[in-house]
1. Around Val91, which amide H atoms from residues at least 5 apart in sequence, or from another chain, sit under 5 Å from its own amide H, with H modelled in the peptide plane?
2. Of the heavy-atom accessible surface of region 6-257 (probe 1.4 angstrom), what whole percent is carbon and sulfur?
3. In Å², what does the accessible area per residue of the chain work out to with a 1.4 Å probe?
4. I'd like to know which of Thr46, Gly57, Asn188 lies farthest towards the positive end of the charge dipole of the chain, counting +1 on Cβ of Lys and Arg and -1 on Cβ of Asp and Glu.
5. Please give the net charge around Val37, taking every other residue with its beta carbon less than 14 angstrom from that of Val37, where Lys and Arg add +1 and Asp and Glu add -1.
6. At 222 nm, what value in deg cm²/dmol follows for the chain if DSSP H runs of at least 4 each add -39500 (n - 2.57) and the sum is divided by all its residues, to the nearest 500?
7. What is the pair-distance distribution P(r) of the chain, computed from all Cα-Cα distances in 10 Å bins starting at 0, with each bin given as a whole percent?
8. Report relative contact order for region 1-63 in percent, whole number only (criteria: Cα-Cα under 8 Å, sequence separation at least 6).
Amino acid sequence: MNRTPLVAGNWKMYKTIAEARQLVPELVRGLKEIQGVQKVICPPFTSLMSVKALLEGSGIHLGAQNLFWEKEGAYTGEVSPTMVAEVCEYVIIGHSERRIYFGETDETVNRKIKAALEVGLIPIFCVGETFDENEKGLTVSVVRRQVEAGLQGIELRQNGHGDVPLLVAYEPVWAIGTGKAASGEFANEVVREIIRPALASLFGEKIAGSIRVLYGGSVKASNAAEFFEQTEIDGALVGGASLKADEFIGIVCAAAVI
Ligand code: PGA
């Protein structure tokens with residue numbers, strides 16, 4: 001199965017517009033020559049438009065970190081799928097920080113994924129078990145439930161290039177922002193044994209085999225290759241290291257040489 005690797009940077013709640021104006025030109029310069037990897041950056045809402053202008057012609061794609069599922073209405077503080085789609089191609093949905101701090105559930109994540117697909121956005125759908133769940137041996141049941149519930153009632157089709165407009169990011173919560181990444185082997189096993197079979201039961205083998213699955217959680221330039229050499233891992237969702245040009249460029253380079 002030929003899946004084009006993809007590396008996405010999740011800036012979280014970092015970088016003002018002024019700071020983004022420093023970082024993005026460095027990324028554009030450093031990533032220009034790197035072929036064969038799709039590159040996505042996901043800044044906060046406030047800097048999306050500025051970053052979009054800076055990315056023009058660079059081949060780097062833009063993503064948001066969240067959306068609301070309603071089309072429009074009296075929802076103070078929320079941003080609709082259509083609004084996001086006016087500016088971005090990708091959107092991160094169900095990140096563990098949103099589940100933990102903002103009360104997102106499998107059900108709301110499902111509504112958001114449906115809403116994103118409806119307007120042509122490509123969701124980067126995040127799943128992953130917490131430290132406690134991992135310790136208690138619940139990784140299989142938690143990750144399977146998140147995938148099945150998050151994607152329930154969704155139909156996916158391959159486009160003319162065989163691409164499916166959905167990415168899954170396996171992000172064990174205990175590895176996010178902790179400096180303690182999962183091992184490549186462990187992450188690969190979760191994708192092979194849990195995520196792909198769950199995708200296959202929902203969409204059939206062919207589509208499941210075309211969906212790109214990223215690893216996220218303390219990925220940096222020095223450990224990225226360990227993930228990219230795994231057969232089931234098709235790229236990375238990068239938090240902290242995406243805020244530093246040399247680190248992010250190093251990770252994209254590692255994805256290019258697999
Ligand atoms: P991290 O975050 O790379 O800082 O661990 C990953 C993520 O939250 O997507």
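1. Ala64, Ile122, Ile124
2. 51 percent
3. Normalised by residue count, the accessible surface of the chain is 47 Å².
4. After comparing all options, I get Gly57.
5. +2
6. Result for the chain, helices only: -11000 deg cm²/dmol.
7. Cα pair-distance distribution for the chain, in percent: 7, 33, 39, 19, 2.
8. The normalised contact order for region 1-63 reaches 44 percent.
The values are calculated or read from the model by the stated rules, or taken from the named source; none is laboratory data. Nothing here was measured: the structure is a model prediction, and the numbers come from that model. Neighbour counts run over all protein chains shown; Cβ positions are idealised from the backbone, glycine included. To get the accessible areas, we keep the full protein, side chains included, count just its heavy atoms, and leave off ligands, DNA and RNA. Shrake-Rupley method; radii C 1.70, N 1.55, O 1.52, S 1.80 Å.
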